[in-house]
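**Student:** Just passing along the structure, written as structure tokens.
None of the figures in this text is laboratory data; all of them are computed from the coordinates on show. These numbers were taken from a predicted model, which means no experiment stands behind them. Every residue, glycine as well, gets a Cβ built from its backbone with ideal geometry; the counts of neighbours run over all protein chains shown.
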Amino acid sequence: MCRFASFLAIGFLMPIVLMAQEATPQKEVWKSLFDGKTLEGWKSSPFVGEGKVFVRGGLIVMEKGEKLTGVTFTKGDFPKRDYEVEIVARKLEGNDFFATTTFPVGDQFASLVVGGWGGTLVGISSVNGADASENGFSKNKEFEARKWYTIKVRVGQKRIQTQIDKEQFHDLDTSDARLSVRFEVQPSRPFGVSTYDTLGEIQSVRVRPLNEKEKKILATPDKVD
């Protein structure tokens, strides 16, 4: 009888345990790409006339160049889809983009422009051959000097989502889109962060895989609430 009662108890508890496991949200597992001390895993992006890039006070400093300055990830293990990358960055001086992020989308690449075209434009470059100022997917935002901004890009099977702090900027259907980067930014590939005529700093860079719910949402071409 005791053994039978134990079987009954186990049979009763197992569905509850499984339901509890299903109800528990997956923990976000982040991987830091910057150790806060060195440029290990990074290189100065080989732009024309780029400024100096170095680590100071736990920050990556990207000095003003003639035009572009930036850092490119070199380890070769950056994901291509089903990931979220987060960059915490700020500008110290200048009136153009300070944390434009170039990232892979499968076998293609795109850039999230942060503060371009005079300092306020946020857009994806390029979509079907049109850059961020021309493709109709851009918005405007004022960026304060010396204020830290948290920039996030999510790349799924059929969509890209972008966010700055708590504000979402894009939920772009990429299932039939042709994505590319401007010629000048190609040295940022496969993943990199760059400035244009602006002194910028990066506090942290980290990446994580999407959880199953996020994968499902970003695998559909239409926006899902």
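**Student:** Pick from K158, K52, K215 the residue whose mean-square fluctuation is largest in a GNM of the chain, springs joining Cα atoms under 10 Å.
**Tutor:** K52
**Student:** Next question. If you line up the Cα atoms of the chain on their principal axes, what length do they span on each, largest first, in Å?
**Tutor:** 84, 40, 31
**Student:** Let me ask something else. Would you kindly derive the ³J(HN,Hα) couplings of the stretch 107-123 from the backbone phi angles with the Karplus curve 6.51 cos²θ - 1.76 cosθ + 1.60 (θ = phi - 60°), listing them in order in whole Hz, with x for Gly and Pro?
**Tutor:** For the stretch 107-123, the Karplus curve yields 8, 10, 9, 8, 10, 8, 7, 10, x, x, 6, x, x, 10, 6, 10, x Hz.
**Student:** Can you say what percent of the DSSP beta bridges in the chain, counting only those with both residues inside, are antiparallel? Round to 5.
**Tutor:** Values: 63 of 63 bridges.
Of those bridges, close to 100 percent are antiparallel.
**Student:** Each label point is 7 Å from the Cα along the Cα-to-Cβ direction; what then is the distance between the points at E144 and E167, in nm?
**Tutor:** 1.3 nm
**Student:** Can you list residues from other chains, or at least 5 along the same chain, whose modelled amide H is less than 5 Å from the amide H of W117?
**Tutor:** F97
**Student:** May I ask you to list the GluC sites (Glu not before Pro) in the stretch 120-199 that are in a DSSP loop and have at most 11 other Cβ atoms within 10 Å of their Cβ?
**Tutor:** Within the stretch 120-199, the qualifying GluC sites (Glu not before Pro) (loop, at most 11 other Cβ atoms within 10 Å) are E142, E144.
**Student:** Could I ask something else about it? State, in angstrom, two size descriptors of the stretch 104-225 derived from its alpha carbons: Rg to one decimal place and Dmax to the nearest whole number.
**Tutor:** Rg then Dmax for the stretch 104-225, in Å: 14.2, 40.
**Student:** Please list, ordered by chain and number, the residues whose modelled amide H lies under 5 Å from the amide H of T174; skip anything fewer than 5 residues away on the same chain.
**Tutor:** R159, I160
**Student:** Something else: At 0.36 nm per residue, and after removing the present C-alpha to C-alpha distance, how many nm does the segment from E184 to K75 gain when stretched out fully?
**Tutor:** On the way: separation 109, 0.36 × 109 = 39.24 nm, distance 2.20 nm.
Roughly 37.0 nm would be gained on extension.
**Student:** Under the Karplus relation 6.51 cos²θ - 1.76 cosθ + 1.60, θ = phi - 60°, what is the ordered set of whole-Hz ³J(HN,Hα) values for the stretch 203-209, x standing for Gly and Pro?
**Tutor:** Ordered by residue, 3J(HN,Hα) equals 8, 7, 9, 8, 9, 8, x Hz.
**Student:** Give the whole-number value, in cubic angstrom per residue, of the convex hull volume spanned by the C-alpha atoms of the stretch 41-167.
**Tutor:** Details: hull volume 15.6 nm³, N = 127.
Spelled out: Cα convex hull of the stretch 41-167, divided by residues, is 123 Å³.
**Student:** Sticking with this structure for a sec: Provide the gained length on full extension for the span T120 to T220, in nm with one decimal, where the gain is 0.36 nm per separating residue minus the Cα-Cα distance.
**Tutor:** Length difference between fully extended and current span is 33.0 nm.
**Student:** Taking Cα centroids, how far is the stretch 83-129 from the stretch 144-201 in Å?
**Tutor:** A separation of 4 Å, based on Cα centres.
**Student:** Which lysines does K27 reach when only Cα atoms under 18 Å apart count, and residues fewer than 8 places away in its own chain are ignored?
**Tutor:** Excluding near neighbours in sequence, the set is K152, K213, K215, K216.
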